[in-house]
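Quick notes on the structure that follows.
The values are calculated or read from the model by the stated rules, or taken from the named source; none is laboratory data. Nothing here was measured: the structure is a model prediction, and the numbers come from that model. In this analysis, Cβ positions are derived from the backbone assuming ideal geometry, glycine residues included, and neighbour counts consider all displayed protein chains. The accessibility values were calculated without ligands, DNA or RNA, using every heavy atom of the protein model including side chains. Shrake-Rupley method; radii C 1.70, N 1.55, O 1.52, S 1.80 Å.
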Amino acid sequence: MTVRTPGTETGAGTATEPEADERGPDPVKVRLDVNGAQRHVDIEPRVSLLGALRDELQLTGAKRGCDQGTCGACTVWVDGRRVLACLTLAITCEGAEITTVEGLATPDGTGDGRLHPMQEEFIRHDAFQCGYCTPGQIMSAVGCVREGHAGDDGEIKEWMSGNICRCAAYPNIRAAIRAARDRV
Amino acid sequence: MRPISYLRAEGADGIDSALRAVTDDPGSDFLAGGTTEVDLLRQHVLGPRRLVDINRLPLAGIEELPDGGLRIGALTRMSDVASSPVVQERFPMVSRALVLGASAQLRHMASMGGNMMQKVRCGYYRDAESPCNKREPGAGCAALTGVSRTHAVLGTSEHCIATHPSDVAVPLAALDARIRTRTLDGEHTYAFDDFFLEPGDTPHREHPLTHGELITAIEVPALPMARRSLYLKVRDRESYEFALVSVAAAIEVRDGKVGGVRIALGGVGTRPWRARRAEDALVGGPATTKSFDLAARAELAAARTTPMNAFKPELARRTLVRALETLTRDGSRS
């Protein structure tokens with residue numbers, strides 16, 4: 001027999017009764033598939049994918065620039081699509097494949113330490129100065145090519161406009177993307 | 001960011017459980033693409049205690065309707081609608097408006113239902129500090145005497161002049177789209193015009209939806225002339241920027257006369273602005289630059305400007321005229 005204290009009784013499904021599969025606000029176990037490996041983190045549901053990657057998994061390639069979806073420095077792939085890790089909650093990514101710049105060179109564990117063609121071309125074309133935006137630029141650039149929008153400079157400009165470079169390395173970034181276009 | 005709880009809606013009764021979870025709890029919000037919700041949570045503009053993740057509900061995809069229209073599932077991402085061949089073929093202005101909005105990354109994330117629910121970009125709303133009648137009814141409006149260059153000139157009130165920010169809502173307004181929703185009571189349909197509320201005395205009410213009502217789809221009825229429609233967007237920089245003025249338009253010309261026309265304006269209204277005055281002025285008349293100009297003037301006569309956005313009616317007039325000139329310059333005089 002269940003004993004209930006008068007005054008604290010609440011019906012099922014009311015606002016204050018947590019539902020069975022509600023998680024948080026305290027830290028919960030979240031399983032993430034990052035660069036082909038299963039990782040577990042204990043995080044609050046409010047933690048962004050960017051926060052989980054950088055602060056929990058020490059994958060600091062994706063950068064915290066604006067933290068409000070404006071600059072593109074945090075660009076990673078979720079299920080192969082370029083997205084902003086700062087506006088994505090990590091807990092929503094359970095079951096998805098996350099790829100960061102750290103996983104770009106050898107996503108399948110092969111490659112003998114070679115860089116991804118886009119990374120090679122960024123180096124060859126000196127497509128950065130301070131380098132802060134570069135991981136986001138590279139992840140976005142591969143997406144731009146795969147989506148079929150790297151046809152000419154005008155198209156690259158438009159489809160890379162979500163990645164800001166305060167050093168204004170844009171001409172070199174476009175040159176790198178043009179060069180990598182047929183190798184991606 | 002304040003702490004939040006998380007509930008993922010999935011499985012056979014996922015839609016019902018999501019509806020129940022949010023309806024029963026004023027502190028719960030739906031979470032779709034998150035591009036507005038997470039942003040504004042972090043900035044303390046929105047303050048739900050719990051997010052109900054609807055991303056795994058079966059509400060994505062584009063279906064062809066028997067009449068030649070389309071049904072766009074609420075969770076279809078902006079990028080998928082933009083690149084859909086059937087959207088590009090039947091409603092090019094919808095695809096174009098999507099491609100010219102946000103960035104590639106945001107378009108992969110943001111859902112179409114969320115696009116309809118996105119919040120205004122008024123800096124005073126989003127700073128979580130300034131007086132704002134949307135954020136805190138009765139607090140006043142800092143934009144009225146503040147920096148208002150990007151603010152609206154149509155449909156404003158003395159309580160709010162924030163511009164509706166969506167690009168794709170502009171062609172959808174021109175197309176008489178319908179918003180389909182669900183509540184625990186069943187399905188509901190809103191005409192596009194009824195879905196977006198002008199601020200009036202209640203700028204915090206942006207939609208007629210009840211708490212816990214979920215957009216399930218956007219229906220776009222067939223419109224043959226929309227196959228040659230366009231979306232013309234004017235902004236401060238070429239890409240990744242909101243519209244100062246935008247025009248979605250489709251026009252049918254027979255023997256030099258306007259047989260039918262659809263026009264909506266973005267960047268100038270407190271809601272996606274269907275330009276019915278301009279349409280009425282045009283139908284049956286000659287398809288000339290002079291009539292386009294008169295029609296634009298008829299629409300914009302009601303504009304109320306601030307010293308900072310007084311350029312907008314003239315910019316809107318020119319953009320509207322250019323859009324109609326572009327559409328009628330070639331091939332459409334059949």
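The numbered conditions (1) open to solvent by less than 50 Å² (accessible area, probe 1.4 Å); (2) more than 19 Å from the chain's Cα centre (by Cα); (3) within 13 Å of another protein chain (Cβ to nearest Cβ); (4) not aliphatic (A, V, I, L, M) are all true for residue A:121 except (3). Looking only at residues of the stretch B:140-162 that are open to solvent by 20 Å² or more (accessible area, probe 1.4 Å) and among the β-branched types (Val, Ile, Thr), we find that the one that is farthest from residue B:115 (Cα to Cα) is B:145.
Wholly within the stretch A:18-103, which strands (runs of 3 or more DSSP E) include no fewer than the required count, namely at least 3 residues that are in contact (Cβ under 8 Å) with a residue 40 or more places away in the chain and of a type in the set (A, V, I, L, M)? Strands (runs of 3 or more DSSP E) meeting the threshold: A:28-34.
Residues of the stretch A:148-184 that are within 13 Å of chain B (Cβ to nearest Cβ) and in contact with a Phe, Trp or Tyr (Cβ under 7 Å, 6 or more places away or on another chain): A:149, A:161, A:162. Does the stretch B:111-133 include one or more residues that are within 11 Å of chain A (Cβ to nearest Cβ) and of a type outside the set (Lys, Arg)? Taking every residue of the stretch B:111-133 in turn, none turns out to be within 11 Å of chain A (Cβ to nearest Cβ) and of a type outside the set (Lys, Arg). A single entry from B:322, B:329, B:297 fulfils the requirement of being within 23 Å of residue B:156 (Cα to Cα) and either out of contact with any helix residue (DSSP H, G or I) (no Cβ under 6 Å at 6 or more places or on another chain) or of a type in the set (A, V, I, L, M) (or both): B:297. When residue A:139 is tested against the conditions (1) more than 28 Å from residue B:241 (Cα to Cα); (2) within 14 Å of chain B (Cβ to nearest Cβ), the lone failure is (1).
Only one of the numbered conditions (1) over 30 Å from residue A:31 (Cβ atoms); (2) open to solvent by 60 Å² or more (accessible area, probe 1.4 Å) is not met by residue A:155, and that is (2). Kindly provide the set of residues from the stretch A:47-69 that are of a type in the set (S, T, N, Q) and more than 9 Å from every other protein chain (Cβ to nearest Cβ), ordered by number. Of everything in the stretch A:47-69, those that are of a type in the set (S, T, N, Q) and more than 9 Å from every other protein chain (Cβ to nearest Cβ) turn out to be A:58, A:60.
Return yes when residue B:102 is modelled with pLDDT under 95 and closer than 18 Å to residue A:87 by Cβ and no when it is not. Criteria not met by residue B:102.
Scanning the stretch A:126-153 for residues being closer than 18 Å to residue A:105 by Cα and either part of a helix (DSSP H, G or I) or in contact with a helix residue (DSSP H, G or I) (Cβ under 6 Å, 6 or more places away or on another chain) (or both) gives a total of 14. Take the conditions (1) assigned to a loop (DSSP other than H, G, I, E, B); (2) more than 26 Å from residue B:216 (Cβ to Cβ); residue B:124 misses just one of them, which is (1). Where helices (runs of 4 or more DSSP H) fall entirely within the stretch B:1-107, those with at least 2 residues that are within 11 Å of chain A (Cβ to nearest Cβ) and within 26 Å of residue A:45 (Cα to Cα) are at B:14-23, B:37-42. Selection over the stretch A:124-137 of residues that are open to solvent by less than 10 Å² (accessible area, probe 1.4 Å) and among the hydrophobic types (A, V, I, L, M, F, W, C) gives a count of 1. Selection of the stretch B:301-315 for residues being open to solvent by less than 20 Å² (accessible area, probe 1.4 Å) and either closer than 23 Å to residue B:258 by Cβ or basic (Lys, Arg) (or both) yields only B:312.
If a residue must be buried (at least 24 other Cβ atoms within 10 Å of the Cβ), at the interface with another protein chain (Cβ under 7 Å from one of its Cβ atoms) and out of contact with any Cys (no Cβ under 6 Å at 6 or more places or on another chain), how many such residues does the stretch A:70-87 contain?
Residues in the stretch A:70-87 being buried (at least 24 other Cβ atoms within 10 Å of the Cβ), at the interface with another protein chain (Cβ under 7 Å from one of its Cβ atoms) and out of contact with any Cys (no Cβ under 6 Å at 6 or more places or on another chain): 5 in total.
Look at (1) over 20 Å from residue B:55 (Cα atoms); (2) out of contact with any helix residue (DSSP H, G or I) (no Cβ under 8 Å at 6 or more places or on another chain); (3) facing chain B (nearest Cβ under 10 Å); (4) at pLDDT below 95 and you find that residue A:20 fails only one, number (1).
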